[in-house]
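If you scroll down you'll find the structure; I have some questions about it.
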Amino acid sequence: MSGKEKFLGADGDNTEANTIATATMTTTTTTTTTECDVAEKKGIVAEKATMNMEDFDSVLDEIVDEIDLGDLMHLSSSSVAPEVTKTALTINDAVMHKIVQDNIKDLLIEEGGECLFTIGTSDVEAPGLTEDAINASFATLTHICNDINADVSMLRTAEADEGLVADCLIRKRLLPSEFSEVRVAVVGNVDAGKSTLLGVLTHGVLDNGRGLSRKQLFRHQHEMDSGRTSSVSYDIMGFNTTGTIVNKPGHDGRLDWVQICQDASKVLTFIDLAGHERYLKTTVFGLTGHVPHYAMLMIGANAGIVGMTKEHLGLALALNVPVYVVVTKIDMCPDNILNENMKMLTKILKSPGCKKIPMVVENMDDVVVAASNFLSSRTCPIFKVSNVTGENLDLVRAFLNLLKPPIVTSFDEPVEFQIDDTYSVPGVGTVVSGYMRQGVVRPNDTLLLGPDSLGKFRAAVVKGIHRRRLPIDEVRAGQTASFALKKIKRAEIRKGMVLVAKELDPKPTWEFEGEILVLHHPTTITTKYQAMVHCGSIRQTATIMKLDKEFIRTGDVATASFRFIKSPEYLHEGQKIVFREGRTKAIGTVTRLLK
């Protein structure tokens, strides 16, 4: 490479002005340069710059010879951002603080509005600071985050090589209508304490051992009488930007959902599902139609893994829903029974069917480790709690505070909204609730509703939108919401229908092909076999029209063609399906739409 090429670099700008400006950018190095040398160099630049462009190359070569290229190399290396040290937040250095602030901004964007930040570590030093340095760093971090409209809370301090390190949660402040939503499906055998735990977590009142806390969650009188959940019920729990729970029950013991959503930056929606075998179809619909981000598997410490526990665990794993376990009633269970049941639980989680790594959470350090590795690894956190004494409930709350919804990027795609429930509200009309698969919907948008029993789609206008009973101006992909529809009768809508944008040109599907795995069947499955198919919010009986084998049994994998018997549905290739009838269960994926 010639001296001219080295000097021009990647820019290669041949203007005369650029030549003069670049040539005069010299810096002081270890090689001392006298004032006379500098003046002489400047003189050369001024003299040469007045020459004609024809002599440009020769002029440039002479200038490069006169200037020490080591000076330019020193200049370029000095523009590299300085390394962030573990004491960066303890010193009054505006440049360093700006670098930390920019890093936090990038993390918040990348991780959806909240992230973990560790004080007292760096890439080039052993971790650890003194307690005073930790406190000073936390105060500086709070100030930095406040400037970017975010709050910070300290989760824990831990011992390190040279002192202490501190894990902090940074969460961006959001408008009331922009709260992030995490959906948790609560599953487990009957009498495991699912509704009781939710009542304790959301209302902040311990149970009396006789079902006091669960009464607020039941929707029907017969549930109150029997103490058993038979329908899908919901409750919410809000956390503000500092991780504080904002649930405040009124004088009647009920929660004001609108107030919680306005005060919270993150809202957890608990989907309380039925544990009794009789209501299995309700539980399957809750896991497929409501699209939970996580599943909380409840196990009674005194009963152990019995009844529907394995069924619910298998369903959650088949649908790729991350699972964590809560063992309840430890206050009334003898130690030897508890230990036996914990060994059985560990054995099942480690089995080839689950391939999980059990991790019993006993302190705040375990909570941070479990939450930060929950999605990226096979870790399965296990909590041992009591709803009567309140033991370890603070660890469950801290873990829930750290759960994050998956990052959704399908905002720019055409609208697709799956309907999982319908209502008729006096003074409002027909209301549908469901999950937003993709796109953005605003009031007065016109969408296509269908397919009906004939496979037709009709126009429907969205006249109002609510999220968790809070009126909002738009709903985005990955969120659940309720739409008030104009001039649509409730009788015309069924679960499993969709609201889609016109540009999708939706087509109804009568038949589809899927690859299925039979989890359990007492005998054999052949063509003409009928069973209930769950696919998203779709729940309809279908007939097997074709099989690539003569028959299939438990453990077999096959490709089968299905046909709905009542009405066509709106399907996608790649959707998960659950195929069940009585004790028969199969899971699979839609591979092809036939007609």
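The values are calculated or read from the model by the stated rules, or taken from the named source; none is laboratory data. Remember, it's a predicted structure, so these values are computed and weren't measured experimentally. For neighbour counting, all protein chains shown are included, and Cβ atoms are generated from backbone atoms with ideal geometry for every residue, glycine included. Heads up: the accessible areas ignore ligands, DNA and RNA and are worked out on the full protein's heavy atoms, side chains in. Shrake-Rupley method; radii C 1.70, N 1.55, O 1.52, S 1.80 Å.
Checking ILE99 against (1) at pLDDT below 90; (2) of a type outside the set (Lys, Arg); (3) touching a Pro at 6+ places or on another chain (Cβ under 9 Å); (4) in a helix (DSSP H, G or I), which single condition isn't satisfied?
For ILE99, the failing item is (1).
Also: Go through (1) touching a Lys or Arg at 6+ places or on another chain (Cβ under 6 Å); (2) open to solvent by less than 30 Å² (accessible area, probe 1.4 Å) and name the single condition LEU268 misses.
(1)
Applying the selection to region 541-559, what residues are of a type in the set (Ser, Thr, Tyr) and either in a loop (DSSP other than H, G, I, E, B) or open to solvent by 20 Å² or more (accessible area, probe 1.4 Å) (or both)?
Within region 541-559, the first condition is being of a type in the set (Ser, Thr, Tyr), and the residues that meet it are 541, 543, 554, 559.
Selection gives THR541, THR554, THR559.
Those residues that are touching a strand residue (DSSP E or B) at 6+ places or on another chain (Cβ under 7 Å), assigned to a loop (DSSP other than H, G, I, E, B) and more than 12 Å from GLU511 (Cβ to Cβ), I need them from region 575-595; list them, please. Don't jump to the end; show me each part of the working.
Let us first name the residues in region 575-595 that are touching a strand residue (DSSP E or B) at 6+ places or on another chain (Cβ under 7 Å), namely 575-581, 583-595.
If we keep only those that are assigned to a loop (DSSP other than H, G, I, E, B) too, we end up with 575, 583, 594-595.
The answer is GLN575, ARG583.
How about region 402-432: which of its residues are open to solvent by less than 20 Å² (accessible area, probe 1.4 Å) and closer than 26 Å to ILE245 by Cα?
Listed by number, the residues that qualify are LEU402, LEU403.
Please specify each residue of region 434-475 satisfying the condition of being surrounded by fewer than 16 Cβ atoms within 10 Å (Cβ to Cβ) and under 26 Å from LEU287 (Cβ atoms).
Correct list: ARG469 only.
Please find, within region 162-192, the residue that is surrounded by the fewest Cβ atoms within 10 Å (Cβ to Cβ) out of those that are modelled with pLDDT under 90 and of a type in the set (D, E, K, R).
For region 162-192, the residue satisfying everything is GLU178.
Across region 504-525, what is the number of residues that are open to solvent by less than 60 Å² (accessible area, probe 1.4 Å), in a loop (DSSP other than H, G, I, E, B) and either at pLDDT 95 or above or of a type outside the set (Val, Ile, Thr) (or both)?
3
Sticking with this structure for a sec: Among the residues of region 560-574, is any assigned to a strand (DSSP E or B), under 28 Å from the mean Cα position of the chain (by Cα) and at pLDDT below 95?
Checked region 560-574: no residue is assigned to a strand (DSSP E or B), under 28 Å from the mean Cα position of the chain (by Cα) and at pLDDT below 95.
Could you list, in sequence order, all residues of region 569-586 that are under 23 Å from THR526 (Cα atoms) and buried (at least 18 other Cβ atoms within 10 Å of the Cβ)?
Those that are under 23 Å from THR526 (Cα atoms) and buried (at least 18 other Cβ atoms within 10 Å of the Cβ): ILE577, VAL578, PHE579, ARG580, THR584, LYS585, ALA586.
Moving on to the next point. If you check ILE109 against the conditions, is it open to solvent by 40 Å² or more (accessible area, probe 1.4 Å), on the phi < 0 side of the Ramachandran plot and in a loop (DSSP other than H, G, I, E, B)? Step through it out loud before you land on a result.
Details: open to solvent by 40 Å² or more (accessible area, probe 1.4 Å): yes; on the phi < 0 side of the Ramachandran plot: yes; in a loop (DSSP other than H, G, I, E, B): no.
Criteria not met by ILE109.
Does ASP421 satisfy the criteria of being free of Cβ contacts under 8 Å to residues at least 40 places away in the same chain and either of a type in the set (Asp, Glu) or within 20 Å of MET298 (Cβ to Cβ) (or both)? Before the answer, list the steps.
On the way: free of Cβ contacts under 8 Å to residues at least 40 places away in the same chain: no; either of a type in the set (Asp, Glu) or within 20 Å of MET298 (Cβ to Cβ) (or both): yes.
In short, no.
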